[in-house]
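S.K.: My structure is below; once you've seen it, I'll send some questions.
Just so you know, all these numbers are worked out from the coordinates, no wet-lab data involved. Everything numeric here is computed off the predicted structure, so don't read it as measured data. Neighbour counts run over all protein chains shown; Cβ positions are idealised from the backbone, glycine included.
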Amino acid sequence: MSALLSSARRSFLKHTLQSVGVLTIGFQLPSVHAQIPLATRSTLDVNEVDGYFSIHADGRITLYCGKVDLGQGIRIAIPQMAAEELGIDVAKIQMIDGDTALTPDQGPTAGSSGIMRGGVQIRQAAATARQALIAVAATQMNVPIDSLDAIDGEVRPIVGGKGIAFQNLIGNQQFKLKIDSKAKLRNPNTYRYVGKGLPRPDVPAKVTGTHVYMQDFSLPGMLHARVIRPQSVGSRIISVDESSIKRIGKARIVRIEDFLAVVAEDEWDAQRASVALKVQWSLEKNLLGHAGVKDWLRKGPFESTQTIMKKGDVQQGLSQSTQKIQASYYWPVQSHASMGPSCAVADLSDGQQAVVWSASQATHRLRGIIARLMAIPNDKVRVIYLDGAGCYGMNGHDDASLDAALISKAIGKPVRVQWTRQDENIWDPKGPPQLIDIEGGVSADGKIAAWKTVMFIPKATAQLPNIPLLGPQSAGIKQPMGISTGLISQNGNPPYSTPHVEVSANWHKDAPLRPSNIRAPGKIANCFAVESFTDELSHLAGVDPLEFRLQGMSDARGIEIIQRTSKLIGWKKRNTPVTKRSGTQLKGRGMAYMHYKGNETYVGVAMDVVVNTQTGVIQVKRIACAHDCGLIINPDGTQAQVEGNLLQTLSRTLHEEVKFDKSQVTSSNWATYPILTFPQVPEILIDLIDRPFEPPLGAGEAAATPIPAALANAVFDACGVRMRTAPFTPAQFKIDWSTI
Amino acid sequence: MPSYQLNVNGQIKTVQVSDPQQPLLYALRNSLGLTGAKYGCGLGQCGACTVHIDGRASRSCVVTVSQVVNKKITTIEGLGTPEKPHPIQAAFIAEQAAQCGYCANGMVMTCATLLSQKPNASLDDAKSALKNNLCRCGTHHRIERAVMRAKDEMKTRNSA
């Protein structure tokens, strides 16, 4: 560590401790961060064992994790992985996540990578540490290395007898070791912690109101701020009448070009001042309006067209098919719609350094963004993660962080920015829309003969360091322009054997509203299209949908998933209906399958629905899901993730579309952007398949993807209506019903 | 600045507010340091800010400070603690009924009222009581199970 770096870190620590010392009731930095003397962090290198662990003199271990716990439970799962390899009780491990001054940069907590990459990296570091501890002990005890093991925090002879505690082998010293990719992992048959559904350490505080969320954190001398967002997207300020808030406490405005905020000592003063402030904005009308998105996607102009996958000759395959069809599927713009609007606290009061408390899913990346946009050296910026409301991708937290940084720097005081519900629903970066055309045919023997997918989707700008953030944009601070979407073109091909396949994308340079990654980016819509179309083909071929899938599969894990899904729901072989049925309450069953990204988690979903053909209301009665994410670290946590994936995506499929006019988003609260409610929640059956000898894969996204297709297929089974436009609202159902 | 005396978690507290229309939520969080109740929408739509006012689950984001003088206010901090949780909180812990947990305050407070009013509440009663409490993570089933678990636990206690 350079002297400068040490000194910067020491000053952060001093700052932090001072802050903690004079805090008022109920507010404090999570004490675990404050207890770590920064000088003891010799390295934050992702390749060094010391980047991840400190073994303390009393035998406790601090685990430094670059991935953050967004509610998905890695605060227990990753310590379980570390405890297993180290050979110590998991209760002795305390994890710190996402503090850029304390944890290595393991990349954003995105793409269902927490366990699969972050946890696996830490597991290998722990195995390397165990190997080193055993080597030191072998020398001290003068016995062969392979006669020893690490158990319960000490290295002991395998045959039993006195051991040496880890802290006495290493004390407060460092390992000074690179992670050894060959360090042997324990045999899963001997696991003591991995595979147990241990409870999460943060739940008791979360259900008793004592957990310090981002929104609950404050600093002494801190001012409360509200940002006044433009009246329409792209609006500029024509005038601000500051006298309109003069009667509200000590509220005052902060303006940097078109960036406008009100600050006050009292939060309610800031809130009511933000409502009372008279601002005249230019009215802009540059948006498409939600009703125009589908046409715009289809028409272009396109930035480029790309062949994503090609096998055989699809035109020839189509012409040789005995029967062929084509269909088009649309997925709308959606919001992350977090329960808690975004919030951040920033202290740039001395203008030389920045400490920002943020619920960002990517604190390390955010640190670089803050440094660049606020013109502060990277090593003078510290971002500390605090839990926000679940974000499921990049919501408004990074924006709020820059809002707070801008205001704090402008007024020279620590600042807390709290977005309102309206701010969140209108301005959070949105999940991008997708339009997917598929053409395919079946052969005389009832198999898929040819398959052609054509996507019309926004293209993520290459090498974009960050999505353009709202505050800096309004404040006239230059940042690279472009869009971010996540990897939205994966899983566009059928996961079934097909002699002729082609998948291509017509890429748009832009998107209707500022997009970002949202849970299982793109793959919910792609699975909706691919698995709905698979059902359409099975119907065309006159083959049971389950049979149709199985006859095209060779991957044993995939086959098992489909079989276990069908067993769970009690699938009965059938031919789907051809014509409208009589009656108004029609029952149906559908299924869908996903092999996430073609090489990760396997999921099967089947569901039972009742469709009211008069009201258009679709009630999902039961969802069955079989799930194979390889080695399961914590079955209860995995189960919770699968439950969340199923229900959140059911919400997105049934209810969610961001509505907007030519100027602004109009879905600004829960009445205009409704989500799933308790009475609409179906019964859920989950079958988790544990594969202890396979690598652990992600569980945070995959199970989200088969929901829309399984639902569409069930609706078709119920009443012969093929729903190809989400969300499946009563109004949309009635449109689709009227066309058959 | 006008000040009001509030009865919060069994104690009389004085809060000063610059505006009589200030919602109770802001007084609890900022003046009294009781941050268990969360700001979710400010519109009474989501339930994250739920507290008990005279025993009724109420949305503290749309109730003003001046409206709750002389009323008994209980927040989630007054219901139980991590060391001594209320049976409904213990049930939430046992069922691990939180992901991000931001909605948990409203869920816990609403369920506590349900069980005090209907000690034999059914699953449908729970769904109905929670119909205006939103959860984005998809923790609904665990919350339902927690209500049923707490009901059984409270009945056992009362009959013991």
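S.K.: Which percent of Cα-Cα pairs in region B:3-79 sits in each 10 Å bin, short to long?
M.R.: Whole-percent P(r) values from 0 Å outward: 22, 61, 17.
S.K.: Tell me, what is the percent relative contact order of chain B, built from C-alpha pairs under 8 Å that lie six or more residues apart?
M.R.: For chain B, the relative contact order is 22 percent.
S.K.: Are there DSSP H segments in chain A that both extend 30 Å or more along their axis (alpha-carbon positions) and score a mean Kyte-Doolittle hydropathy of at least -1.0? List them, or say none.
M.R.: A:120-141
S.K.: If the label point is 7 Å along Cα→Cβ of A:Lys246, which residues in region A:270-313 have backbone nitrogen under 17 Å from it?
M.R.: A:273, A:276-279
S.K.: So for the pair B:Asp54, A:Ala671, with labels modelled 7 Å out along Cα→Cβ, what separation do we get in nm?
M.R.: 2.6
S.K.: Now for a different question. Let me confirm one metric for peptide B:16-26, namely the mean number of other chain beta-carbon atoms within 10 Å of its residues' beta-carbons. Each step should come with its number before you reach the end.
M.R.: Details: counts 1, 3, 11, 8, 0, 2, 6, 2, 0, 2, 6.
Mean inter-chain Cβ contacts per residue within 10 Å come to 4.
S.K.: Oh, and also: Grab the beta carbon distance between B:Gln16 and A:Gln422, set R0 = 25 Å, and tell me the FRET efficiency rounded to 0.05.
M.R.: 0.35
S.K.: While we're here: Take the eigenvalues of the Cα gyration tensor for chain B, scale each by 5, and report the square roots as semi-axes in whole Å, largest first. Present the calculation step by step, with values, prior to reporting the outcome.
M.R.: On the way: eigenvalues 152, 56, 35 Å².
Taking √(5λ) for each Cα gyration eigenvalue gives 28, 17, 13 Å.
S.K.: While we're here: How far apart, in nanometres, would the label points at A:Thr584 and A:Tyr191 be if each is projected 7 angstrom from Cα along the Cα-to-Cβ direction?
M.R.: Each label point is offset 7 Å from its Cα along the Cβ direction, giving 5.2 nm.
S.K.: Sticking with this structure for a sec: Helix-derived [θ] at 222 nm for chain B: sum -39500 (n - 2.57) over DSSP H runs of at least 4, divide by residue count, nearest 500?
M.R.: -10000 deg cm²/dmol
S.K.: Please average, across the residues of A:640-647, the number of beta carbons from any other chain that are within 10 Å of each residue's own beta carbon, and give a whole number.
M.R.: Values: counts 9, 3, 1, 7, 9, 2, 2, 7.
Mean shielding count: 5.
S.K.: For region A:178-223, state which trypsin sites (Lys or Arg not before Pro) are in a DSSP loop and have at most 13 other beta carbons lying within 10 Å of their beta carbon.
M.R.: For trypsin sites (Lys or Arg not before Pro) across region A:178-223 that sit outside H, G, I, E and B with at most 13 neighbouring Cβ atoms in 10 Å, the list reads A:Lys182, A:Lys184.
S.K.: Take the cross-link list A:Lys246/B:Lys72; A:Lys176/A:Lys206; A:Lys278/A:Lys662 and give me the ones stretching past 30 Å between alpha-carbons. Could the numbers behind the result be given before it?
M.R.: Details: A:Lys246/B:Lys72 35 Å; A:Lys176/A:Lys206 37 Å; A:Lys278/A:Lys662 23 Å.
Over 30 Å Cα-Cα: A:Lys246/B:Lys72; A:Lys176/A:Lys206.
S.K.: Enumerate the residues in region A:183-201 having an amide nitrogen under 19 Å from the point lying 7 Å beyond the Cα of A:Asp89 toward its Cβ.
M.R.: From region A:183-201, the list is A:191-201.
S.K.: Compare the peptides A:216-224, A:702-710 by average per-residue count of other Cβ atoms within 10 angstrom and give them in order, highest first.
M.R.: Packing order, densest peptide first, comes out as A:702-710, A:216-224.
S.K.: If I model a spin label at A:Gln326 and A:Leu177 as a point 7 Å from the Cα along the Cα→Cβ vector, what separation in nanometres do I get?
M.R.: Using points 7 Å along Cα→Cβ, the separation is 6.1 nm.
S.K.: Output the relative contact order of chain A, whole-number percent, from Cα pairs under 8 angstrom with separation of 6+ residues.
M.R.: 13
S.K.: Compute the length gained on full extension between A:Ile164 and A:Ser42: take 0.36 nm times their separation in residues and subtract their Cα-Cα distance, giving the result in nm to one decimal.
M.R.: On the way: separation 122, 0.36 × 122 = 43.92 nm, distance 2.46 nm.
Extending this stretch completely gives an extra 41.5 nm.
S.K.: Also, quick follow-up: What is the calculated FRET efficiency for A:Asp555 to B:Ser116, with r their C-beta to C-beta distance and R₀ = 45 Å, to the nearest 0.05?
M.R.: 0.25
S.K.: Please arrange A:Met141, A:Met95 by counting, for each residue, the other beta carbons lying within 10 Å of its beta carbon, fewest first.
M.R.: Exposure proxy ranking, most exposed first: A:Met141, A:Met95.
S.K.: With a 10 Å Cβ neighbour count serving as the proxy for reagent exposure, in which order, fewest first, do B:His141, A:His56 appear? Working shown, then result.
M.R.: On the way: B:His141 20, A:His56 15.
The fewest-first ordering by Cβ neighbours comes to A:His56, B:His141.
S.K.: Whole-Å semi-axes of region A:66-190's equivalent ellipsoid, largest first, each the root of 5 times a Cα gyration tensor eigenvalue?
M.R.: 28, 14, 13
S.K.: How high is the relative contact order of region B:87-159? Use alpha-carbon pairs under 8 Å, at least six apart in sequence, and give a whole percent.
M.R.: Details: 68 pairs, mean separation 35.6, N = 73.
It comes to 49 percent, rounded to a whole number.
S.K.: List the trypsin sites (Lys or Arg not before Pro) within region A:447-479 that DSSP assigns to loop and that have no more than 12 neighbouring Cβ atoms inside 10 Å.
M.R.: Here the trypsin sites (Lys or Arg not before Pro) that fit, given the DSSP loop and packing criteria, are A:Lys478.
S.K.: Only Lys, Arg, Asp and Glu count, each charged at its Cβ (+1, +1, -1, -1), so figure out the dipole size of region A:41-206 about its Cα centre, rounded to 20 debye.
M.R.: 280
S.K.: Hey, for a label at A:Asn378 modelled as a point 7 Å past Cα toward Cβ, could you say which residues of region A:393-433 have their backbone N under 12 Å away?
M.R.: none
S.K.: For chain A, rounded, prolate or oblate, judged on the Cα gyration tensor with a ≥ b ≥ c (square roots of eigenvalues), a/c < 1.5 rounded, else prolate if a/b > b/c?
M.R.: Oblate, since a/c reaches 1.5 and b/c is not below a/b.
S.K.: Would you mind working out the magnitude of the charge dipole of chain B relative to its Cα centre, with +1 at each Lys and Arg C-beta and -1 at each Asp and Glu C-beta, to the nearest 20 Debye? Each step should come with its number before you reach the end.
M.R.: On the way: 18 positive and 10 negative charges, 25 e Å.
Here the size comes out at about 120 debye.
S.K.: Give a residue-ordered list of calculated ³J(HN,Hα) values for region B:124-130 (Karplus: 6.51 cos²θ - 1.76 cosθ + 1.60, θ = phi - 60°; whole Hz; x for Gly, Pro).
M.R.: Coupling constants for region B:124-130: 5, 4, 5, 4, 5, 4, 9 Hz.
S.K.: Give the calculated FRET efficiency between A:Lys285 and A:Thr305 to the nearest 0.05, with a Förster radius of 22 Å applied to their Cβ-Cβ distance. Spell out each step's value before the answer.
M.R.: On the way: r = 30 Å, r/R0 = 1.37.
Working from the Cβ atoms, E equals 0.15.
S.K.: Explain nothing, just compute: Karplus ³J(HN,Hα) = 6.51 cos²θ - 1.76 cosθ + 1.60, θ = phi - 60°, for every residue of region B:131-139 in order, whole Hz, x for Gly and Pro.
M.R.: For region B:131-139, the Karplus curve yields 5, 9, 9, 9, 10, 9, 7, x, 9 Hz.
S.K.: Restricting attention to region A:655-732, which trypsin sites (Lys or Arg not before Pro) occupy a DSSP loop and are surrounded by at most 15 other Cβ atoms within 10 Å? Walk me through the numbers on the way to the answer.
M.R.: Details: sites: A:Lys659, A:Lys662, A:Arg722, A:Arg724; in loops: A:Lys659, A:Lys662, A:Arg722, A:Arg724.
Taking region A:655-732 and a limit of 15 other Cβ atoms within 10 Å, the loop trypsin sites (Lys or Arg not before Pro) found are A:Lys659, A:Lys662.
S.K.: Looking at A:His56, A:Ala511, B:Thr110, which one has the Cα that reaches farthest to the positive end of the dipole of the protein assembly as shown (charges on Cβ: Lys, Arg +1; Asp, Glu -1)?
M.R.: B:Thr110
S.K.: At 222 nm, what value in deg cm²/dmol follows for chain A if DSSP H runs of at least 4 each add -39500 (n - 2.57) and the sum is divided by all its residues, to the nearest 500? Mind dumping the intermediate values first?
M.R.: Details: 19 runs with 212 residues, N = 740.
For chain A, the value works out to -8500 deg cm²/dmol.
S.K.: A further question on this structure: Can you compute 3J(HN,Hα) from phi for each residue in region A:50-58, using the Karplus curve 6.51 cos²θ - 1.76 cosθ + 1.60 with θ = phi - 60°, rounded to whole Hz and x for Gly and Pro?
M.R.: Coupling constants for region A:50-58: 5, x, 10, 10, 10, 9, 8, 4, 8 Hz.
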